[in-house]
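Everything below concerns the one structure shown next.
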Amino acid sequence: SFEVALARSALTLHVPAGKSILDVLQENGIETPSSCEQGACGTCLATVIEGEPDHQDVYLSDSEKASNSKILTCVSRSKSKRLVLDI
Ligand code: FES
């Protein structure tokens, strides 16, 4: 599990095993667009301010993944204990 801090919403949320970042955002009433929920369409893209995503999607290019600046919140997780997103 890991924490997601939402910079613009001034909220920190806990993401347990078995739930996606997107699930946790929606449970907490954060409006986040989504569509495929399989890491393929790019609709749920968020900007990473801090932390190292564990990319599980097939949407971002290898160089985008390596830059750790974007994350697909429906499938990807975190290698660091905390991710800060521009949400
Ligand atoms: Fe399609 Fe996340 S909803 S990539």
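The values are calculated or read from the model by the stated rules, or taken from the named source; none is laboratory data. Only a predicted model underlies this, so the values are computations on that prediction, with no experimental measurement involved. Here the Cβ positions follow ideal geometry from the backbone for every residue, glycine too, while neighbour counts run over all protein chains shown.
Whether a residue is away from the ligand (no atom under 13 Å from the Cβ), at pLDDT 95 or above and not hydrophobic (A, V, I, L, M, F, W, C) was assessed, and Lys65 passes this test. For segment 34-84, how many residues meet the condition of being surrounded by fewer than 19 Cβ atoms within 10 Å (Cβ to Cβ) and either of a type in the set (Gly, Ala, Ser) or at positive phi (or both)? Number satisfying all stated conditions: 12. Within segment 50-64, residues that are small (Gly, Ala, Ser) reach partners that are more than 13 Å from the ligand (Cβ to nearest atom) and in a loop (DSSP other than H, G, I, E, B) with beta carbons closer than 6 Å, at six or more positions or on different chains, in the pairs Gly51/Ser80.
Of the set (1) under 20 Å from Ser1 (Cα atoms); (2) within 11 Å of the ligand (Cβ to nearest atom), all apply to Glu52 but (2). Within segment 25-38, residues that are within 17 Å of Leu6 (Cα to Cα) and hydroxyl-bearing (Ser, Thr, Tyr) have Cβ atoms under 8 Å from residues that are more than 6 Å from the ligand (Cβ to nearest atom) and modelled with pLDDT of 95 or more in these pairs: Thr32/Leu22; Thr32/Leu25; Thr32/Gln26; Thr32/Ala46; Thr32/Thr73; Thr32/Ile87, counting only partners at least 6 apart in sequence or on another chain.
Across segment 15-30, not a single residue is classified as at pLDDT 95 or above, over 12 Å from the mean Cα position of the chain (by Cα), near the ligand (Cβ under 9 Å from one of its atoms) and surrounded by fewer than 18 Cβ atoms within 10 Å (Cβ to Cβ).
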